[in-house]
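Structure first, commentary second.
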Amino acid sequence: MRLCDKNIQQLLTFTIRMTFRLSNSKLPDVKTTIFTEMSLLAQQENAVNLSQGFPDYQADENLIKYLGNFAKQGYNQYAPLFGIKELREEISRKFNLQYQVDYHPDSEINITAGATQGIFTIISAFVEKGDEVIIFEPAYDCYEPAIILNGGIVKNVKMFYPDYEINWTEVKNLTSEKTKMIIINNPNNPSGKILKQKDINELISIVKDTNIIILSDEVYESITFDEKPHLTLAQYPQLKERTFIAGSFGKLLHITGWKIGYVCAPSDMMKEFRKVHQFNVFCVNTPAQFAIAKYLQNVDNFKTISSFFQRKRDYLKNALQETSFQLLDCEGTYFLSANFGAISDAKDKDFCYWLTKEHKVATIPFSAFYQDKTDEKVIRFCFAKKQETLDKAIEKLLKIKV
């Protein structure tokens, strides 16, 4: 065989191997997340980043000090599978204080490497091939891939602009003997909507006399506005007995990079969760757990978070009312969303690119939160930012002409 023929043969062999690998991807349609994509674009364009949901300010210095102190004291080895007892006890106390709900710290609470890991582990522990899982769109992007990886079938219920209300009749019609799980996100990212009592009543009615498990993603539970209460599903006995609550200290304490979260559930469900958790991450950052446990001992450290973020929401909201953006009602989370239809006819992702490149403000398109990329010309701004960051963004956004 000539050298060139040999090279061609090697190239063909390599191509066949790569084609085989790609054609057997378990997530063939999944690409880099829109959050990573827009943050990278913001860096390239030197734009103000209101896209990815993380604070650009420092956490409380006391919390940072506690982290260093516990590390220096030698708390640097593996933590228990369940998480350290001190932190589980503080979470139990927090639920009792805020919602008058009891979770046993030993058998019903588990510390996780962020809420996303907790959510993935819950889905992995219960969803089997052919099981159907109902999610509500716009939906946070970690739900669907986890369901698919475990052989589940996603059943989407769309919520639409401008109200993003749940169509409970559609939910009821989708529910069958194949329904293994319903995933709730309350407050909802990206719409900023919160569940009302009528929503809770509808959910109770639908799951009654079924074996449906509920996964309630409540990472923004401490960030609701205008004195509207957060209705945790744990408050309702008919739901608590079948529900996993997923929470996040990243959102509560402005430490998203620490990746510390937790899940709460009845003991029989938690037992199954821990079977998977031990082979997923096993345990979570030890000194960070001790630092957070100590910090939570002072309830004032988390009681004022809603008012803190409401000031930021109102500041951005009042400024954007001077623009042609049509603002959504933000009831919770640290995201303010808006329709840009009066400004441009572009697709929402194209508009986000244009906004980043031409006006140096990065945002997130809502179409990224829909499986079929539903585009209603709505984008999401993160206001968990320093005052100077918001001022820079506002100055640029006010210059947009229709």
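Worth pointing out:
- Filter result for Asp217 (on the phi > 0 side of the Ramachandran plot and either in contact with a Cys (Cβ under 8 Å, 6 or more places away or on another chain) or of a type outside the set (S, T, N, Q) (or both)): no
- The listed residue being assigned by TED's automatic domain parsing to the domain that holds Pro105, in contact with a Pro (Cβ under 9 Å, 6 or more places away or on another chain) and within 19 Å of Glu108 (Cβ to Cβ), out of Cys283, Cys264: Cys283
- Scan of segment 107-158 for residues that are more than 17 Å from the chain's Cα centre (by Cα), aliphatic (A, V, I, L, M) and farther than 20 Å from Pro266 by Cβ, ordered by number: Ile148, Leu149, Ile153, Val154, Val157
- Leading residue by the ranking (farthest from the chain's Cα centre (by Cα)) among those in segment 69-87 that are outside any helix (DSSP H, G or I) and of a type in the set (Phe, Trp, Tyr): Tyr75
- Any hit, segment 330-339, residues being under 24 Å from His254 (Cα atoms), surrounded by fewer than 17 Cβ atoms within 10 Å (Cβ to Cβ) and among the charged types (D, E, K, R): no
- Looking at Glu128, Glu132, Glu108, just one residue is of a type in the set (Asp, Glu) and farther than 17 Å from Val276 by Cβ, and that residue is Glu132.
- Residue within segment 24-39 that is among the aliphatic types (A, V, I, L, M), crowded, with 17+ Cβ neighbours inside 10 Å and either assigned by TED's automatic domain parsing to the domain that holds Tyr295 or on the phi > 0 side of the Ramachandran plot (or both) present: no
- Exactly one residue out of Phe54, Phe35 is closer than 22 Å to Val378 by Cβ and either in a helix (DSSP H, G or I) or in contact with a Lys or Arg (Cβ under 8 Å, 6 or more places away or on another chain) (or both): that is Phe35.
- Checking each residue in segment 124-159 for being farther than 13 Å from Gln371 by Cα and assigned to a loop (DSSP other than H, G, I, E, B) picks out Val127, Glu128, Lys129, Gly130, Asp131, Asn150, Gly151, Gly152.
- Counted residues, segment 303-362 - those being touching a helix residue (DSSP H, G or I) at 6+ places or on another chain (Cβ under 8 Å) and among the small types (Gly, Ala, Ser): 6
The values are calculated or read from the model by the stated rules, or taken from the named source; none is laboratory data. Keep in mind that what you see is a predicted model, and the values were worked out from it rather than measured. Cβ sites come from the backbone with ideal geometry, for glycine too, and all protein chains shown count toward neighbours.
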